[in-house]
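Here the structure is laid out as C-alpha cells; the discussion comes afterwards.
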Amino acid sequence: MDCTITSTNKTRCRGFTLVEMLIATAVGGLVLSAVMAMSLFSARSFAAIGNYVDLDIKSRTALDTMTSDIRQALDLTTPCNSNILTFHLVDISTGTTNLLQYTYDPSGKTLRRSYLGQTTTLLTNCTFMQFSLYQRNPIGGTYDQYPLDNFSQPGLCKLIQLTWVCSRDVLKGRLVNTESVQSAKVVMRKP
C-alpha cells in the first residue's frame with residue numbers, strides 16, 4: 001500500500017487495482033486446487049495400499065493354514081464338486097481320523113475350513129478360486145506333474161494346486177485393488 005502526504009496534510013492511499021486482485025485470486029485458486037488434488041490422490045493411494053496389505057496378509061494366512069493341513073492329510077476323499085475338497089486327517093492328540101473340508105462359495109465369495117465341527121472363514125471377497133489336482137510323478141524333463149482331469153479319482157491325487165484372487169472395494173463401489181493371483185502347489189506328504 002502506497003501512501004503519500006500532500007501539501008494540504010491530507011493523506012492519499014492507494015490499494016490493489018482490480019487487475020492485481022484478479023491475478024492474485026487466480027494464482028491462489030490454482031495453488032489451492034493443486035494442493036487439494038494432491039491430497040485426494042494421496043488419500044486414495046494410502047487407502048489402496050492399506051487395502052492391498054490387508055488382502056495380502058489374509059491370503060498368506062489362509063495359504064499357511066491350507067498348506068499345513070494338506071501336507072498332513074492322509075488322502076483326498078471324493079469331493080462333491082470342484083469347489084469342495086475333503087481330506088482324511090489324523091488328529092495327533094487322539095490318533096483318530098477325521099474329515100477336514102475346504103468349501104468355496106462363489107456367491108458369497110468366501111473360503112471356509114471345517115474340522116471337528118468348527119467352521120472358520122479363511123478368505124472373504126474371494127472372486128475366483130480353483131483347486132487343481134495332480135499326481136505326484138513329474139512329467140519327464142519338466143517340473144510339472146501329471147494332472148488329474150477330473151475329481152473322479154481322488155486316490156491318485158498327491159499334489160493340489162490352489163489358485164485364488166481376492167478383491168475389495170475401497171471407494172464407493174469402485175474396485176480399486178485386486179490382489180494378483182495367489183497360487184501354490186502343495187504335496188500331501190503321507191503315502
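Mind checking which residues of the stretch 111-140 are within 15 Å of L63 (Cα to Cα) and of a type in the set (A, V, I, L, M)?
Those that are within 15 Å of L63 (Cα to Cα) and of a type in the set (A, V, I, L, M): L111, L122, L123, M129.
Hand me the list of strands (runs of 3 or more DSSP E) wholly inside the stretch 137-181 holding 1 or more residues that are modelled with pLDDT under 70 and of a type in the set (K, R).
Those strands (runs of 3 or more DSSP E) span 174-178.
Looking at D105, D54, D91, D69 in this structure, which one is surrounded by 11 or more Cβ atoms within 10 Å (Cβ to Cβ) and over 22 Å from the mean Cα position of the chain (by Cα)?
D91
The conditions are (1) touching a residue at least 60 places away in the same chain (Cβ under 8 Å); (2) part of a strand (DSSP E or B); (3) touching a Cys at 6+ places or on another chain (Cβ under 8 Å), and T127 fails exactly one of them. Which is it?
(1)
Mind checking which residues of the stretch 114-124 are part of a strand (DSSP E or B) and touching a residue at least 60 places away in the same chain (Cβ under 8 Å)?
Answer for the stretch 114-124, where residues must be part of a strand (DSSP E or B) and touching a residue at least 60 places away in the same chain (Cβ under 8 Å): L122, L123.
Give me the pairs: first residue in the stretch 98-110 and under 14 Å from C126 (Cα atoms), second residue small (G, A, S) and not in a strand (DSSP E or B), beta-carbon distance under 9 Å, and six or more apart or on different chains, which are they?
Matching pairs, first to second residue: Y104/S82.
Per-residue answers, yes or no, for (1) at pLDDT 95 or above; (2) surrounded by 10 or more Cβ atoms within 10 Å (Cβ to Cβ); (3) of a type in the set (S, T, Y); (4) in a strand (DSSP E or B):
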| site | (1), (2), (3), (4) |
| --- | --- |
| C3 | no, no, no, yes |
| N9 | no, no, no, no |
| C13 | no, no, no, yes |
| V19 | no, no, no, no |
| I23 | no, yes, no, no |
| S39 | no, yes, yes, no |
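Yes or no: the stretch 111-134 includes at least one residue that is basic (K, R) and within 25 Å of the chain's Cα centre (by Cα).
Yes, there is a match, as at least one residue in the stretch 111-134 is basic (K, R) and within 25 Å of the chain's Cα centre (by Cα).
Can you report the number of residues in the stretch 51-79 which are of a type in the set (F, W, Y) and at pLDDT 85 or above?
Summing the residues that are of a type in the set (F, W, Y) and at pLDDT 85 or above in the stretch 51-79 gives 0.
Can you find a residue that is under 18 Å from the mean Cα position of the chain (by Cα), over 19 Å from Q182 (Cα atoms) and surrounded by 11 or more Cβ atoms within 10 Å (Cβ to Cβ) anywhere in the stretch 149-170?
Yes, the stretch 149-170 has at least one match.
Just to check your reading of the model, which residue among S132, S59, S68 is hydroxyl-bearing (S, T, Y), in contact (Cβ under 8 Å) with a residue 24 or more places away in the chain and within 16 Å of V187 (Cα to Cα)?
On inspection, the qualifying residue turns out to be S132.
The values are calculated or read from the model by the stated rules, or taken from the named source; none is laboratory data. Because the structure is a prediction, the values reported are computed rather than measured. Every residue, glycine as well, gets a Cβ built from its backbone with ideal geometry; the counts of neighbours run over all protein chains shown.
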